[in-house]
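J.: Sending over a structure as structure tokens; questions will come in a sec.
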Amino acid sequence: MKPWQRSAAFLAALALGAALAYLPAAGLGWVWDDFNLVQPSPAIQDLGGLGRAISTDLYRQAAPRLEASPYWRPLALASYWLDTRFGQAPGALHVGNLLLHALATALLALVLWRRAGPVTGVATAALAAAWWSLHPENVEPVAWISCRYDLLCALAIIGLLALPWRPGAGRAALHGLLFLAGLLSKDGFGAMLVVLAALDWSERRPLRAALPGWAAIAGALAVWWLARAALGLPGFGTPPLLPLARVYLDAARIYFQRAIAAPPLTISHPYAPAGALGSAIGAAVVLGLAAAALWRRRLAAPVTLFLAGLVPAAVAIGKFGEVSERYFYLPSLGLALLVGELVAASLASPRPLRRLALPVVVGLVATFGLVRVEARLPDWQSDTALFTAAVRIDPEDGQANLQLGIEAGRRGDWAEARRALEIAQRADPDSGRIAGALAWALLRTHDAPGAIRQAERATAAAPRQPDGWYYLALARHAAGDHAGELAALERLLQASPDYPSVHRLREHAACEASGRTDCGAGPRPGEGAQ
């Protein structure tokens, strides 16, 4: 067997191992955001449906009545379309996720092998790639169809690191195309610019040699921005720098800690600022890694990949208040490369005990990770399984109780729905989504005053979201306040002119507000469902 064939067989074996580890994911169902963003997407229909999906933002492609958002991720939607050419959703989409993870594992191993060299490369690549591939924090992005964006981003950056740099327009164009693929997968991929700069610096690449690649990347950025402008997508708001810096330091601390000891499966992972001590620990992590990169240039790209990968994570944490597991996927590639550096140094030691100690530890950690991965995968079978597992770990989990409350309402168990939604609101009192769901449950249990209070809470927290105004209108109708009902419907029309049934409800409310007695039957209490 030729050397390149042996190399290909080794990488294929690692990819196959990752795929087999996640093989139970192929039988999972739709979960959580899948129902809102993927299942109704025209991207999993025909080619015309794909065109409609990729020509708008992530939310409106599945629900055109929503207002435009800046989230445009056409490559992920195109990958959904491609998956469903080979099989039915959701199974084909789950298979697509695990194949992308397997490919990322193989490319990561290739990068690790090259960095470690021919003597220790195979063992280093196998151990560090297995540590990353089987890390329990990576179950969420692989098992959840809606995390396709994170998988594609990771694949794009590790593909850029795996693609050897050579002079010439062709290689530069490949770098530009891979960078464009990352941008079209998830908006935060732009942070990877500093990773490529760190790679140039660590490899001492002359500016003249690096310029063609940077010109291609600049072209990719221009294509991305022009496409967004042509589609009329809004821009991203810039978060205040000081609060973002504090969240970033917390993110560095949290994800570095999770790399060592992953917590049990939960859903919300609510973010609570840790104060001065937490920021100091996060700063120590950042400064320590930066110092290591300055001390040894070859560490610059791994360190920068971890630190830059935390930038979009910090923005999302600050916006949504959740330290989600999927945010670990991209920056953890940098940590995997650092683990590879430590393993390679250990294997090169002349002392037998030192030569074996760290590789054995990493191997044991990867084995334990496999056990935890297999234990976590069944919890992603369905919403019920997922949220029940989360509540088992944390009975106060806000997101889990919200979803279980909605599920209880859909099956008609309104007492259980109210109980779960009240727990969710205690966990996240500022959530307009939770307040709206609780208004819905209170309406169905004929508590119009309580429903009004919760709907008002929902509209105050999220005035541009139509559901809160919808439930406020229904609650005021149930209380006999037809003028208030009409006012709420007017606000609903402003937020979403094509909201289902809104025009019929407005006509009826206007009729009743005028004092007429021939208006016919009005909406039922709690009409509509979450």
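J.: Taking into account only those residues within region 130-171 that are hydrophobic (A, V, I, L, M, F, W, C) and not in a helix (DSSP H, G or I), which is farthest from Phe10 (Cα to Cα)?
T.: Trp144
J.: Modelled with pLDDT of 95 or more and farther than 15 Å from His269 by Cα, is that true of Leu353?
T.: Against the criterion (modelled with pLDDT of 95 or more and farther than 15 Å from His269 by Cα), Leu353 does not qualify.
J.: Here is a further query. Does region 216-225 include one or more residues that are under 30 Å from Ser324 (Cβ atoms) and either in contact with a Lys or Arg (Cβ under 7 Å, 6 or more places away or on another chain) or free of Cβ contacts under 8 Å to residues at least 24 places away in the same chain (or both)?
T.: Yes, region 216-225 contains at least one residue that is under 30 Å from Ser324 (Cβ atoms) and either in contact with a Lys or Arg (Cβ under 7 Å, 6 or more places away or on another chain) or free of Cβ contacts under 8 Å to residues at least 24 places away in the same chain (or both).
J.: Which of the helices (runs of 4 or more DSSP H) found entirely inside region 29-98 contain at least 1 residues meeting this: modelled with pLDDT of 95 or more?
T.: It comes to 74-83.
J.: Give Gly96, Gly91 a once-over and let me know the one that is surrounded by fewer than 18 Cβ atoms within 10 Å (Cβ to Cβ), in the same structural domain as Ala19 (by TED's automatic domain parsing) and over 30 Å from Ser496 (Cβ atoms).
T.: Just one listed residue meets the conditions, Gly91.
J.: Ok, one more. Hey, can you tell me all the residues within region 329-355 that are touching a helix residue (DSSP H, G or I) at 6+ places or on another chain (Cβ under 8 Å), farther than 11 Å from Thr120 by Cβ and hydrophobic (A, V, I, L, M, F, W, C)?
T.: Listed by number, the residues that qualify are Leu330, Leu333, Leu335, Ala336, Leu337, Leu338, Val339, Leu342.
J.: Something else about it: Test Val111 against the stated conditions and say whether it is in a loop (DSSP other than H, G, I, E, B) and touching a residue at least 60 places away in the same chain (Cβ under 8 Å).
T.: no
J.: Quick check, is Arg298 in the same structural domain as Asn138 (by TED's automatic domain parsing) and surrounded by fewer than 17 Cβ atoms within 10 Å (Cβ to Cβ)?
T.: Against the criterion (in the same structural domain as Asn138 (by TED's automatic domain parsing) and surrounded by fewer than 17 Cβ atoms within 10 Å (Cβ to Cβ)), Arg298 qualifies.
J.: I've got another one for you. Tell me the residue from Val373, Val365, Val361 that is touching a Pro at 6+ places or on another chain (Cβ under 9 Å) and of a type in the set (Val, Ile, Thr), please.
T.: When all the criteria are applied, what remains is Val373.
J.: Restricting to region 394-416, name every residue that is exposed (fewer than 14 other Cβ atoms within 10 Å of the Cβ) and in a helix (DSSP H, G or I).
T.: The answer is Arg410, Ala415.
Here is a yes/no grid of residues against (1) closer than 30 Å to Ala366 by Cα; (2) of a type in the set (A, V, I, L, M, F, W, C):
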| site | (1), (2) |
| --- | --- |
| Trp30 | yes, yes |
| Ala68 | no, yes |
| Gly87 | no, no |
| Val95 | yes, yes |
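J.: Examine region 81-92 for a residue that is over 19 Å from the mean Cα position of the chain (by Cα), small (Gly, Ala, Ser) and under 30 Å from Asp467 (Cβ atoms), and state whether such a residue exists.
T.: yes
J.: Looking at region 290-307, which of its residues are under 28 Å from the mean Cα position of the chain (by Cα) and not small (Gly, Ala, Ser)?
T.: Scanning region 290-307 gives Leu299, Pro302, Val303, Thr304, Leu305, Phe306, Leu307.
J.: Hey, among Leu307, Leu338, which residue is modelled with pLDDT of 95 or more, surrounded by fewer than 24 Cβ atoms within 10 Å (Cβ to Cβ) and closer than 27 Å to Pro240 by Cβ?
T.: After applying the criteria, what remains is Leu307.
The values are calculated or read from the model by the stated rules, or taken from the named source; none is laboratory data. Just so it is clear, the structure is predicted and the values come from calculations on it, not from any experiment. Every residue, glycine as well, gets a Cβ built from its backbone with ideal geometry; the counts of neighbours run over all protein chains shown.
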